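All remarks here apply to the structure that follows.
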Amino acid sequence: MIREVITYPNPILRKKSRDVEFFDQKLHTILDDMNHTMQEYGGVGLAAIQIAIDLNVLIINIPVDHEGDENDGKQLNKNLIEAINPVITHKDGELVFSEGCLSIPGFTADVTRAEHIIVEYYNRFGEKKVMEAYDFLAIAWQHEMEHLNGHVFIENLSFLKRKKFEKEWKKKLKENNKNRN
């Protein structure tokens, strides 16, 4: 099922997620719904809090170019990562990347993150996993994990860039509301 992605400044996005205790069918349904939702919205990652579920659950699916694959424009699940209760155990290096977010549609900004990370997490069956990630994959992990802690990527911007964003975002929301009425 495709869920609604909540958008900034919805206060739910500020909520800190809680650890998953049961690796059951309910969790599997959430993961499946998150995957369908992420694909529908064209994202590379999604945290459960973005669909108003305050659990430490995220998914990442970095698209790959598959010549000749018929996938009707949707990402293939070959690279799908389903992470429950993730924890970054190591970070190093630095990388600046232009990020976007399904909860802040149409806005991108340069964000500095660790270039290399090691993450421990559980899969949908409660099996412990360890992943080493570099570059774009490391960025995706860090971005989604911020959501689990009640943060959005714009909080990484400088004071002036954040103020400019807030002004433009309020104007955009006002225009969207005017067009609906």
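List of remarks:
- Among the strands (runs of 3 or more DSSP E) confined to the range 99-177, the ones with at least 2 residues that are farther than 21 Å from Leu31 by Cα, among the small types (Gly, Ala, Ser) and over 12 Å from the mean Cα position of the chain (by Cα) are located at 104-113.
- Qualifying residue in the range 80-99 (condition: open to solvent by 70 Å² or more (accessible area, probe 1.4 Å) and within 17 Å of Gly42 (Cα to Cα)): no
- Check on Val130, in contact with a strand residue (DSSP E or B) (Cβ under 7 Å, 6 or more places away or on another chain), of a type in the set (A, V, I, L, M, F, W, C), surrounded by fewer than 16 Cβ atoms within 10 Å (Cβ to Cβ) and modelled with pLDDT of 95 or more: yes
- Residue check, Asn149 touching a residue at least 60 places away in the same chain (Cβ under 8 Å), closer than 30 Å to Phe23 by Cβ and touching a Phe, Trp or Tyr at 6+ places or on another chain (Cβ under 8 Å): no
Matching residues to (1) over 22 Å from Leu173 (Cβ atoms); (2) touching a Ser or Thr at 6+ places or on another chain (Cβ under 9 Å); (3) β-branched (Val, Ile, Thr):
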{"site": "Ile2", "(1), (2), (3)": "yes, yes, yes"}
{"site": "Val5", "(1), (2), (3)": "no, yes, yes"}
{"site": "Asn10", "(1), (2), (3)": "no, yes, no"}
{"site": "Arg14", "(1), (2), (3)": "no, no, no"}
{"site": "Gln25", "(1), (2), (3)": "yes, no, no"}
{"site": "Ile30", "(1), (2), (3)": "yes, no, yes"}
{"site": "Met34", "(1), (2), (3)": "yes, no, no"}
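- Listed by first and then second residue, the pairs with beta-carbon distance under 7 Å, at least 6 apart or on different chains, first residue in the range 158-180 and of a type in the set (Ser, Thr, Tyr), second open to solvent by less than 90 Å² (accessible area, probe 1.4 Å), form an empty list.
A quick yes/no check of all residues on (1) more than 23 Å from Tyr122 (Cα to Cα); (2) open to solvent by 20 Å² or more (accessible area, probe 1.4 Å); (3) modelled with pLDDT of 95 or more; (4) outside any strand (DSSP E or B):
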{"position": "Val5", "(1), (2), (3), (4)": "yes, no, yes, yes"}
{"position": "Lys16", "(1), (2), (3), (4)": "no, yes, yes, yes"}
{"position": "Phe22", "(1), (2), (3), (4)": "no, yes, yes, yes"}
{"position": "Thr29", "(1), (2), (3), (4)": "no, yes, yes, yes"}
{"position": "Asp33", "(1), (2), (3), (4)": "no, no, yes, yes"}
{"position": "His36", "(1), (2), (3), (4)": "no, yes, yes, yes"}
{"position": "Ile53", "(1), (2), (3), (4)": "no, yes, yes, yes"}
{"position": "Ile62", "(1), (2), (3), (4)": "no, yes, no, yes"}
{"position": "His66", "(1), (2), (3), (4)": "yes, yes, no, yes"}
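- The single residue among Tyr121, Tyr134 that is farther than 23 Å from Ile51 by Cα, of a type in the set (Phe, Trp, Tyr) and free of Cβ contacts under 8 Å to residues at least 40 places away in the same chain turns out to be Tyr134.
The values are calculated or read from the model by the stated rules, or taken from the named source; none is laboratory data. Small disclaimer: the values here were computed from a predicted structure and weren't measured. Positions of Cβ are generated from backbone atoms using ideal geometry, with glycine treated the same way; all protein chains shown enter the neighbour counts. We work out accessible area using only protein heavy atoms, side chains counted, and drop any ligands, DNA or RNA first. Shrake-Rupley method; radii C 1.70, N 1.55, O 1.52, S 1.80 Å.
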